[in-house]
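Chemist: Quick one: the structure is below, and I'll ask about it shortly.
The values are calculated or read from the model by the stated rules, or taken from the named source; none is laboratory data. Small disclaimer: the values here were computed from a predicted structure and weren't measured. Glycine also receives a Cβ, built like all others from the backbone with ideal geometry; neighbour counts cover every protein chain displayed. With ligands, DNA and RNA removed, areas are computed over all heavy atoms of the protein, side chains included. Shrake-Rupley method; radii C 1.70, N 1.55, O 1.52, S 1.80 Å.
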Amino acid sequence: MIDIAELKEEFKRDIGLVDSIKRLNEVKHKWTSKTGILKNLSKKITSIPLEKRAEFGKLLNSLRDFVRGEIQEKEKVLKETQEREKIDFSLPGRKIVQGAIHPVTVVIYEIIEIFNSLGYSVAEGPEIEDDFHNFEALNIPPYHPARDAQDTFFVKGDRLLRTHTSPVQIRTMLARKPPIRIICPGKVYRRDNDLRHSPMFHQVEGLVVDKGIAFTHLKGTLLYFLRELFGKGINLRFRPSYFPFTEPSAEVDISCPFCEGSNVCKVCGGANWIEILGAGMVDPRVLRNCAINPDNYSGFAFGLGVDRIAMIKYSIPNIRILFDNDIDVLSQIN
Amino acid sequence: MLVLWSWVREFLPSLKVSPEEAADKLTMVGLNVEEVSKVENDWVFDIEVTANRGDVMSHLGVARELMAIYGLDSLQMPIVIESMDAPIDKELVFIEDRFGCRRYKAIVVRDIPSDKNCSLIAERLEKLGFSSVNPLVDISNYVMLEVGQPLHFFDIRKLSNEKVIVRRAKDGEKTVSLDEVERELNSNDLVIADKEKVIAIAGIIGSASSEVDEETSSIFIESAWFDPILIRRTSKKLNLKTEASARFEKGTDPAIVSYAARRAVYLIKKFLGGNISRRVFVVGENVSPPKMIYIDINNLNQFAGVEIEKEKVKTILGSLGFEVETSGNLLTVVPPTYRRFDVEEKADLYEEILRFVGFDNLPYELPAFPGKDAGDPPVIKIRKRARTYFKSVGFYEAINYSFVDPTFNEKYISLIEGEEVELVNPLSNNNSRMRKSLLPGLLQNLSYNVRRGKLFGTIFEIGNVYSWKKSKNLFTEVELCAAVAGGKRGTPWDKIRDLDFYWFKGVIEKFFTDFGIELDFEESNVKGFRQAAFIRIEGEIVGVIGELEVADKRVHFPVWGAEFMLQKILEYAKQISVVLPSKFPAITFDYTVQHPKGVQWREIESVIERYKSKYLNTFFLYDRYEGKGVPSGMVNTTIRFVYQSKEGSLSKKDIEELHTLLIEKLDSWRKV
Ligand SMILES: [Zn+2]
């Protein structure tokens, strides 16, 4: 005898376990398909004794109705759930909270990394300096015309705000013997304030002192450095210049990496060259001031304004913007 | 400095190059031509003259460089008056300061007609940006621009006698100079005087009282050599830079003193007329003669990094006017009179040689260094970690000026001792003090951003603060890291947590725990804060945290601020050693204590610490709630307790008993 009640319980178990359309289809297949349980039961009706057929038919009908009803109900619920959990891939992702490092710092880190890879160390020194380290030791005696180019903020006595990071070179040379390979990043101060000059800005200077250092080494080092910083495609131009602490001295230009087509370039103004740093062979007077014998040692030094490089790199038109600390500007740096 | 191409060409009649090409060549030997512009049928070069090259501050100087560039044999010098039959008068000049003035040529010219002029000279001057004054003044400027020797003409009528004295000024002595400014002098200043008064501040500017004017018919021409440092010192002190002082302070050519005066007389006689009446040439102490400099070709080659032939070296130096004698690889070189101030030793000659070989003609060579230098200072790493950390938790790095408004230092706390450092010559009063805290600057950045519509600010800075200890005259710089935050970041959609104080504290704490450092917070009254606590590590105050006072009314939300000494992290950082978690399951209970709001978390903590059993692995604040359902003034604090042992599984029953004991203590403490 076929126990319809037991079958109903079995179906209840089956439908109870359904949590997806896929599972529901499995249940449908098991119960309502052409080869399913319900179909099989209808086929079996002929094997039922005549007197019980009517009752069996009734029970079967009620089971069929129940099964279909349950399946329909389940289908509806499942579709609703699916609808509800549907992802809208066009909705914006929630904001990821992340700040930014200042563009000037970003450039300083890039420079440090390049020179670290060449074996240079970072050296640092005070921002409030004295006349000796900032000027005299660098071959800029009192009343030297070169002092005009570095209009100085004075503190008390002979103290001043350093006008370049060169005093760090002096301190390093006084503190230890060659070989020396350092870069000196830091804040420097000059009494200038206009669209291109800020009374505080950032420099990175480099110094190498060793036996047998030649002018060609300076050229090779700067070519490597500037190509790492601005791209392999750039070329350099060395123009003779003057700094009291280097001899010979050069202004170094890079071929403009931003020139495109025939439009007048905003960065170089169509000159094709951008003045990027000052450099030279360490003046023997400076070596002597640091108790290093220029007959045995030679060296080179270079210095560049980081703020200007950050402005060039990030197309920032005005140096003030660097010190406004506007979140809408900073958030674009990554 | 402006230079007229046609004028330069007068010195080099055989030079056949375009002005653009010449400009380019000049730039590449170090006379940076910033601009070449066409003026009428001539060209004006704007040349940037470096501080060492006083010798090129004239058309003659520029012509000399071109002569060397193009390997020309000689210069065509301007015509001067050849025979001067006027008598020499030793009484005309008396040099009292023989150090300050080492050469002085004086020529007196009389009977100069006042109805003549010289348009050629005036035109040239005007093209070079000099306004034509009167024919005589124009001639003195013309000669200066031509050969680099500044001249001064006095009107003889206006002198008390026909004798000038070169002396130091008396302390407090005054004179009204040509620019109609009265200037007070002292004994550091060199002056030209007659018997009664100062008639010029030597080498800088003449006095109005002896000025040449339209009616001048007799003049006293001064051409002199003054000590560069003396001129510069006075020029700096008076804050007065003139065409003359710009040349004298760099060292003029002592050999051209007399020539320039005779050139002026030639031009006066040619264009205006007049008669030379008397003249004299007086010398003071010697202008130190050019030094002999020795260079070894081998050393030069090592310095340059390439071989440069001896003949080439000789040619370059020769074309620049240096006398060169060779013996084997050794060269003995004597600079010309006009280069003695910037060429003093070997390296200076190397520069002359290399700039004419061409820096761009030398190869590039990356030196191969063995190993590394000393290594970066350890703070570099800490700084970089701080930046990366604050960036990762949503802060933007600011860089502010180190000099601030005086009120900044007054109103805010400083973590460093000592007085503030004041600038002697600030750009303005609100930039006159070196900062003692980074917080006021960051607060200003926050206001700036709020004023531009930002609804929040999360800003940090790493930088120095400065102080001065009077007793030791010691300047101190301490590196701080500071952060401010406040407002509402993101939208409800973004589901970003509120920037409340406990979030901010979490930001600061996590930075330190990453270095294995635990912080203590000690509530204190701190200048510039509404409420604040000092941050301590192992008892030492290393920073401060709290709610800042905000003056800007537009900042409508509370602003949290913290500042700490970066160096302290180096001192206290510990190597983190991993604590292995227990392999056995943990049993957790949550319990809520209701207590007055004034009860501090640390009190609850200490009760638990005191009575906890050894199986309590950890406990922490699960949540705090006040509001509906909690009596006012009270707060519900929910604590989560985690029991776990490393030795084995704990039975729930045992733990329940232990935990109940702890809860009883907590409850009875609360009732006290
Ligand atoms: Zn360009």
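Chemist: Just order B:573-580, B:387-394 by mean Cβ neighbour count inside 10 Å, highest at the front, would you?
Modeler: Going by the mean number of other Cβ atoms within 10 Å, highest first, we get B:387-394, B:573-580.
Chemist: Oh, and also: In Å² (nearest 100), what accessible area is buried between B and A, both sides summed, heavy protein atoms only, 1.4 Å probe?
Modeler: On the way: alone 35390 and 19850 Å², together 46860 Å².
Result for this pair: about 8400 Å² buried.
Chemist: Continuing with the same structure: Could you tell me how many degrees, from 0 to 90 and to the nearest 10, lie between the Cα long axis of helix B:652-671 and the main elongation axis, the longest principal axis, of the Cα atoms of chain B?
Modeler: 70 degrees
Chemist: Which percentage, to the nearest 5, of the DSSP beta bridges contained in chain B is antiparallel?
Modeler: In chain B, DSSP labels about 95 percent of beta bridges as antiparallel.
Chemist: Quickly estimate the mean residue ellipticity at 222 nm for chain B, helices only: each DSSP H run with n ≥ 4 gives -39500 (n - 2.57), and the total goes over all residues, rounded to 500.
Modeler: Result for chain B: -8500 deg cm²/dmol, rounded to the nearest 500.
Chemist: Of the listed pairs B:Lys614/B:Lys652; B:Lys38/B:Lys116; A:Lys8/A:Lys28; B:Lys488/B:Lys628, which have alpha-carbon separations greater than 18 Å here? Mind dumping the intermediate values first?
Modeler: Details: B:Lys614/B:Lys652 15 Å; B:Lys38/B:Lys116 30 Å; A:Lys8/A:Lys28 14 Å; B:Lys488/B:Lys628 25 Å.
Beyond 18 Å between Cα atoms: B:Lys38/B:Lys116; B:Lys488/B:Lys628.
Chemist: Compute the helix-to-body angle for B:439-451: its Cα long axis versus the longest principal axis of chain B, expressed 0 to 90° and rounded to tens.
Modeler: The answer is roughly 90 degrees.
Chemist: Keeping all protein chains in position, work out how much accessible area A:Thr246 exposes to a 1.4 Å probe, and write it in Å² to the nearest 10.
Modeler: Result for A:Thr246: roughly 0 Å² accessible.
Chemist: Let me ask something else about it. Counting each DSSP H run of 4 or more residues in chain A as -39500 (n - 2.57), what helix-only mean residue ellipticity at 222 nm follows after dividing by all residues, to the nearest 500 deg cm²/dmol?
Modeler: Taking each H run of at least 4 residues, the total per residue is -12500 deg cm²/dmol.
Chemist: Pairs B:Lys495/B:Lys527; B:Lys197/B:Lys291; B:Lys127/B:Lys312; B:Lys384/B:Lys495; A:Lys95/B:Lys597: which exceed 31 Å Cα-Cα?
Modeler: Details: B:Lys495/B:Lys527 35 Å; B:Lys197/B:Lys291 39 Å; B:Lys127/B:Lys312 38 Å; B:Lys384/B:Lys495 29 Å; A:Lys95/B:Lys597 34 Å.
Where the Cα-Cα span goes over 31 Å, the pairs concerned are B:Lys495/B:Lys527; B:Lys197/B:Lys291; B:Lys127/B:Lys312; A:Lys95/B:Lys597.
Chemist: If you don't mind, there's one more thing I want to ask. If I fit a long axis through the Cα atoms of helix B:59-69 and take the longest principal axis of the Cα atoms of chain B, what angle between them do I get, 0 to 90°, rounded to 10?
Modeler: The angle comes out near 80 degrees.
Chemist: Still on this structure: Just report the Cα centroid separation between region B:198-267 and region B:28-72, whole Å.
Modeler: 23 Å
Chemist: Follow-up question, since we're still on this one. Going Cα to Cα from B:Lys510, which aspartates and glutamates come in below 14 Å? Please leave out same-chain ones fewer than 8 positions away.
Modeler: B:Glu518, B:Asp520
Chemist: Suppose all protein chains stay in the model; what accessible area per residue would a 1.4 Å probe give for region A:4-86, in Å²? Before the final figure, lay out the partial values.
Modeler: Numbers: 5980 Å² over 83 residues.
Accessible area per residue: 72 Å².
Chemist: Rolling a 1.4 Å sphere over the protein heavy atoms, what is the accessible area per residue of region A:176-334, to the nearest Å²?
Modeler: 37 Å²
Chemist: When Lys and Arg each count +1 and Asp and Glu each count -1, what net charge do the other residues less than 10 Å away from B:Met28, Cβ to Cβ, add up to?
Modeler: +2
Chemist: Suppose all protein chains stay in the model; what accessible area per residue would a 1.4 Å probe give for chain B, in Å²?
Modeler: 46 Å²
Chemist: Just check the protein assembly as shown against the gyration tensor rule for me: Cα atoms, a ≥ b ≥ c as the square roots of the eigenvalues, rounded for a/c under 1.5, and otherwise prolate or oblate depending on whether a/b exceeds b/c.
Modeler: Prolate, since a/c reaches 1.5 and a/b exceeds b/c.
Chemist: Roll a 1.4 Å probe over the protein heavy atoms and report the accessible area of B:Glu214 in Å², nearest 10.
Modeler: It works out to around 120 Å².
Chemist: Quick check on my link table: of B:Lys170/B:Lys472; A:Lys86/B:Lys454; B:Lys170/B:Lys470; A:Lys12/A:Lys39, which ones sit more than 27 Å apart, alpha carbon to alpha carbon? Let's see the in-between values first.
Modeler: Working: B:Lys170/B:Lys472 38 Å; A:Lys86/B:Lys454 34 Å; B:Lys170/B:Lys470 37 Å; A:Lys12/A:Lys39 18 Å.
Flagged as over cut-off: B:Lys170/B:Lys472; A:Lys86/B:Lys454; B:Lys170/B:Lys470.
Chemist: Oh, and also: In region A:4-86, carbon and sulfur make up what percent of the accessible area (probe 1.4 Å)?
Modeler: C and S fraction of accessible area: 51 percent.
Chemist: Using a 1.4 angstrom probe on heavy atoms only, work out the carbon and sulfur share of the accessible area of chain B in %.
Modeler: That share works out to 49 percent.
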